Amino acid sequence: MKNKFFVGFDTSNYTTSAAVCNADGEVLLNVKVPLSVKDGARGLRQSDAVFGHTQNMPAISTALKKIFEEKFDYEISSVGYSAYPRDISGSYMPCFLVGRSVAAASSALLGAALYPFSHQAGHIMAALYSSHSLGLCQKNFFAFHVSGGTTDILRVSGFENGRFTAERIGGTLDLNAGQVIDRVGVYMGLPFPAGREMEKLALNHTGKIPRYTQSVHALSCNLSGVENKAKAFFDSTKNPSLVSAYTLRAVCDALCILSENLIKIHGESPIVYAGGVMSCSILKERLSAFSERFAAPEFSSDNAAGISLLARSAYLTDNSGG
């Protein structure tokens, strides 16, 4: 009997990704190729992202070919892809069209089932997988999706037809946490994305860190003030380590208050922290007071592992015979 494999593609704004998992839900491949961003730039235009993904696809294809050459007696049963950023009406970004095209072509050539998902659902699934919390798929839980493009608090219910049902119940009202970090980092001369370098600088700071007065109300926050204060702070101090520590502490304080308020309002329920910003050890250390369910670093940044796992779940649901 042939082994069943499930492939996922994700073409977010800054990373081209592909992943493969098997029928047991084990991720066998999680390959990521970042898009190039010019020095001093704070991001990419969608047209540049589409072009970048197109350039990266040969490298992705090579990685897929290599893993399949190592396997015998297998079939690719389904192909999943990130079709849109979030599971809400009107959610759309052109960069996801590249992944859709590649996934659709792969599905047609292989005779495999084709499944679209949201980029956000992929992040949640990757966080559940890498934190050994897949049992929550059959339960209700809360998820923080914190990245450069999203800072959402979600109420997530278990699978229906192999898919999450996620309702946004809070989050940022202006800038996303990752946007703040990247904008401050680039302002200080760091490469984009700036999170990793800012974390290193912050960990090297040993002095006191001034507190930022938070703008958090119930489950909503405003983060644009953090950017403005941090930039002014850098202008006056010219100290990148101090400003990095200040910025990350301000973002972390906001997430901690939101986590506290979530528990006060909705009671004790499992919380999952997903998204690229959650790879920061400084944030993880403090937020672990509320939950131990964090995506591992390789599953925090944009990746297709969650999409491949969702493609598996959808296929197994459709072919359960129940």
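The values are calculated or read from the model by the stated rules, or taken from the named source; none is laboratory data. Just so you know, these numbers come straight off a predicted model, no measurement behind them. For neighbour counting, all protein chains shown are included, and Cβ atoms are generated from backbone atoms with ideal geometry for every residue, glycine included.
Key figures for this structure:
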{"read-out": "Every residue from the range 246-268 that is touching a residue at least 24 places away in the same chain (Cβ under 8 Å) and basic (K, R)", "value": "R249"}
{"read-out": "Residues satisfying the stated conditions in the range 143-163, i.e. farther than 20 Å from S301 by Cβ and at pLDDT below 95", "value": "S157, G158, F159, E160, N161, G162, R163"}
{"read-out": "Number of positions in the range 27-52 that are free of Cβ contacts under 8 Å to residues at least 24 places away in the same chain and either in contact with a strand residue (DSSP E or B) (Cβ under 7 Å, 6 or more places away or on another chain) or within 30 Å of S313 (Cβ to Cβ) (or both)", "value": "2"}
{"read-out": "Criterion violated by V79 - all others in (1) in contact with a Gly (Cβ under 8 Å, 6 or more places away or on another chain); (2) among the aliphatic types (A, V, I, L, M); (3) more than 19 Å from S300 (Cα to Cα); (4) in a helix (DSSP H, G or I) satisfied", "value": "(4)"}
{"read-out": "Test for D39: is it over 29 Å from V184 (Cβ atoms), at pLDDT below 95, of a type in the set (D, E) and assigned to a loop (DSSP other than H, G, I, E, B)", "value": "no"}
{"read-out": "Evaluation of L134 against (1) buried (at least 22 other Cβ atoms within 10 Å of the Cβ); (2) out of contact with any strand residue (DSSP E or B) (no Cβ under 9 Å at 6 or more places or on another chain); (3) within 18 Å of R293 (Cβ to Cβ); (4) aliphatic (A, V, I, L, M) (one fails), failing number", "value": "(1)"}
{"read-out": "Residue that is nearest to S130 (Cα to Cα) [pool: residues in the range 1-30 that are surrounded by fewer than 24 Cβ atoms within 10 Å (Cβ to Cβ) and among the aliphatic types (A, V, I, L, M)]", "value": "V27"}
{"read-out": "Test: residue in the range 165-185 that is crowded, with 18+ Cβ neighbours inside 10 Å, touching a residue at least 60 places away in the same chain (Cβ under 8 Å) and assigned to a loop (DSSP other than H, G, I, E, B)", "value": "no"}
{"read-out": "The listed residue being over 21 Å from C137 (Cα atoms) and among the aromatic types (F, W, Y), out of Y92, Y81", "value": "Y92"}
{"read-out": "Failed item in (1) crowded, with 19+ Cβ neighbours inside 10 Å; (2) in contact (Cβ under 8 Å) with a residue 60 or more places away in the chain; (3) aliphatic (A, V, I, L, M), with L203 passing the rest", "value": "(1)"}
{"read-out": "Which listed residue is more than 13 Å from G8 (Cα to Cα), of a type in the set (V, I, T), in contact (Cβ under 8 Å) with a residue 24 or more places away in the chain and part of a helix (DSSP H, G or I), from I67, I88, I153", "value": "I67"}
{"read-out": "Counted residues, the range 247-275 - those being of a type outside the set (A, V, I, L, M), surrounded by 24 or more Cβ atoms within 10 Å (Cβ to Cβ) and out of contact with any strand residue (DSSP E or B) (no Cβ under 8 Å at 6 or more places or on another chain)", "value": "1"}
{"read-out": "Search result, residues across the range 48-93 that are under 18 Å from the mean Cα position of the chain (by Cα) and not aliphatic (A, V, I, L, M)", "value": "H53, G80, Y81, S82, Y84, P85, R86, D87, S91, Y92"}
{"read-out": "Helices (runs of 4 or more DSSP H) enclosed by the range 265-322 - at least 3 residues per element that are polar (S, T, N, Q)", "value": "305-318"}
{"read-out": "Any hit, the range 226-235, residues being surrounded by 17 or more Cβ atoms within 10 Å (Cβ to Cβ), of a type in the set (A, V, I, L, M, F, W, C), without any contact (Cβ under 8 Å) to a residue 24 or more places away in the chain and not in a loop (DSSP other than H, G, I, E, B)", "value": "yes"}
